[in-house]
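Q: First the structure, which I've put down as structure tokens, then a few questions once you've had a look.
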Amino acid sequence: MGGCSKFKALIAGVVLFLSIQQADAFVLIGPVLPAEMTASGVNLNITDDLGGPKELKQFFRWTTPYLVYSFDTSFVQYFGVEGMAAVRDAFRVVNDFFEPEDGSYSGVSSMDFARDGFLSNYNTTWINTTAENQQVIDLKSIVLGMVVNQLGVGNPHRYAFTIRGISTNTTATQWNFNVRLKNYDPISWQPTDEINGVNYSYRLIHDAAPISGGILVAPTFADMEEFTTDTSGNAWSAVSGILDAFYGNTAIYWTDTPTLFGFGVYYDGMNAMGGQYSPRHALTFDDAGALKYLYRTNNIVFEQLDPAVSVIKAAQMLSPPHAQNFLNPNNNFIVPRGIGGPTGVLPRSFPRGSAGAAGPQTANFMTTSPLLGFPFIGSTGTNMGPGNWTWTSGPCAGIDRMQFYEGEFDSLIGITF
């Protein structure tokens with residue numbers, strides 16, 4: 001929680017450049033370069049722990065379809081059984097989105113916005129007035145917002161309009177701010193100024209002193225703050241904006257807090273506007289659009305394993321010994337879904353480890369995409385031992401579906417079972 005008490009003002013003679021289209025939209029987040037966080041020495045207020053707004057095809061997403069969450073002793077003692085139930089409800093929303101409990105579709109690639117109740121699902125909030133008066137925060141909603149952010153979706157109410165560069169005119173009497181719209185339509189993937197059916201604009205917020213004696217003073221920070229005059233009640237409604245209710249990493253005090261979330265506010269599928277009321281419908285249209293874009297199987301981008309990650313061959317706990325497990329589909333390879341076959345199994349032409357191979361070895365290989373029908377050349381695999389290669393980099397498709405499972409946690413030694 002933080003902020004800055006420096007005064008806000010509009011720089012005189014500001015010139016803004018931007019082109020927009022109207023639609024509903026989402027923001028993608030990922031690691032940002034230092035040049036994306038500052039311009040001409042000015043802090044652009046892109047300071048989230050998870051990164052900042054990214055262009056299409058330059059995002060963060062998970063490539064692991066099976067994830068585990070646990071509760072440690074301190075959480076259980078503080079929040080109790082009801083708190084644990086709230087967290088489970090949040091993960092149920094995400095699980096139901098990727099693999100619906102009612103079987104209406106399987107994987108986000110086959111999800112249809114209109115058929116599956118997301119097309120007009122602009123707002124899924126409700127207010128519990130008793131909780132609001134007692135200043136109580138809904139734990140399920142907080143966790144849901146955190147998970148959506150961790151999956152790679154940013155807050156569109158904060159990052160739809162982003163400063164790309166700052167310069168002065170020839171006489172150094174005015175600042176020129178270059179602004180980029182990084183908010184994308186879930187259907188057309190075109191930039192748009194509309195979020196969950198609401199149009200937004202922006203205003204410049206900064207801490208520069210007024211021009212005095214013709215001298216232009218550079219600000220310490222500057223940000224394009226989104227705002228709207230909409231009165232429909234659907235403004236600031238994205239689940240991906242929930243955590244910004246707490247003024248996380250920001251250099252400014254927002255005039256309009258970029259989220260509906262607050263005391264007494266909760267997100268739930270029963271509050272959906274799209275005509276369907278399953279747990280997954282706690283996600284708004286733009287949240288659903290972002291997740292579908294990121295994880296659909298035909299979103300193919302170059303990805304690579306972080307060098308700091310140590311890949312360990314999964315132990316085979318099943319009987320008989322040749323039985324498959326979810327981490328190693330054919331007991332030899334660990335490969336992202338969408339490379340080499342529908343189950344992620346590499347073709348026979350992939351080089352296998354030879355007996356007596358010493359240490360990790362890297363080799364280029366060619367795989368055939370079941371989605372596009374042509375080979376990907378230049379992917380890289382590492383020999384982890386005889387008959388055991390693991391993929392390390394190359395073109396990769398979205399994993400389509402994922403699930404979160406609850407696991408036991410040992411608070412004494414700090415590990416999951």
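Q: Let me check something: with ligands and nucleic acids excluded, how do Glu101, Glu194 order by accessible area (1.4 Å probe), largest to smallest?
A: Heavy-atom accessible area, descending, gives Glu101, Glu194.
Q: From the protein chains alone at 1.4 Å, what is the descending order of accessible area for Leu33, Leu204, largest first?
A: Values: Leu33 115, Leu204 10 Å².
From most accessible down to least: Leu33, Leu204.
Q: Averaged per residue, what accessible area in Å² does the range 200-267 show with a 1.4 Å probe, protein chains only?
A: Result: 38 Å² of accessible area for each residue.
Q: Each label point is 7 Å from the Cα along the Cα-to-Cβ direction; what then is the distance between the points at Thr229 and Phe75, in nm?
A: According to this spin-label approximation, the distance is 4.5 nm.
Q: So, one more: Sorting Phe261, Phe302 by accessible area (1.4 Å probe), largest first, what list results?
A: These residues rank, largest area first, as Phe302, Phe261.
Q: Filter the chymotrypsin sites (Phe, Trp or Tyr not before Pro) in the range 23-78 down to the DSSP loop ones having no more than 14 other Cβ atoms within 10 Å, then list what survives. Present the calculation step by step, with values, prior to reporting the outcome.
A: Numbers: sites: Phe26, Phe59, Phe60, Trp62, Tyr66, Tyr69, Phe71, Phe75, Tyr78; in loops: Phe59, Phe60, Trp62, Phe71.
When the chymotrypsin sites (Phe, Trp or Tyr not before Pro) of the range 23-78 are filtered for loop state and at most 14 Cβ neighbours within 10 Å, Trp62 remain.
Q: Also, quick follow-up: Would you mind computing, in nm to one decimal, how far apart the modelled labels at Tyr247 and Leu33 are, each placed 7 Å from Cα along Cα→Cβ?
A: Once both label points are built, they end up 3.3 nm from each other.
Q: What percentage of the solvent-accessible surface of the range 75-157, computed with a 1.4 Å probe over protein heavy atoms, is contributed by carbon and sulfur atoms?
A: 53
Q: Once every Cα of the range 206-289 carries one equal point scatterer and solvent is ignored, give the base-10 log of I(q)/I(0) from the Debye formula at q = 0.15, 0.18, 0.21 Å⁻¹, two decimals.
A: Relative scattering, expressed as log10 I(q)/I(0), comes to -0.69, -0.87, -1.06.
Q: Let me ask something else about it. Please list the radius of gyration and Dmax for the range 71-124, considering alpha-carbon atoms only, with Å as the unit.
A: 15.3, 43
Q: At what distance in angstrom do the alpha carbon centres of the range 22-83 and the range 255-294 lie from each other?
A: Answer, in whole Å: 17.
Q: With viscosity set to 1.567 mPa s and temperature to 4 °C, compute the Stokes-Einstein D of the range 155-313, Rh being the Kirkwood radius across alpha carbon pairs; µm²/s, no decimals.
A: It diffuses with D of about 70 µm²/s by this estimate.
Q: Also, I was wondering about something else. With N set to the residue count of the range 40-174, report its C-alpha Rg divided by 2.2 N^0.38 Å to two decimal places.
A: That ratio works out to 1.42.
Q: Provide the packing ranking of 143-153, 105-115, i.e. peptides ordered by the mean count of other C-beta atoms within 10 Å per residue, highest first.
A: Ranked by mean Cβ neighbours within 10 Å, highest first: 143-153, 105-115.
The values are calculated or read from the model by the stated rules, or taken from the named source; none is laboratory data. The structure displayed is predicted, hence computed values, not measured ones. Counting neighbours? That spans all protein chains shown, and the Cβs are built from the backbone with ideal geometry, glycine included. Surface accessibility is based on the protein's heavy atoms, side chains included, excluding ligands, DNA and RNA. Shrake-Rupley method; radii C 1.70, N 1.55, O 1.52, S 1.80 Å.
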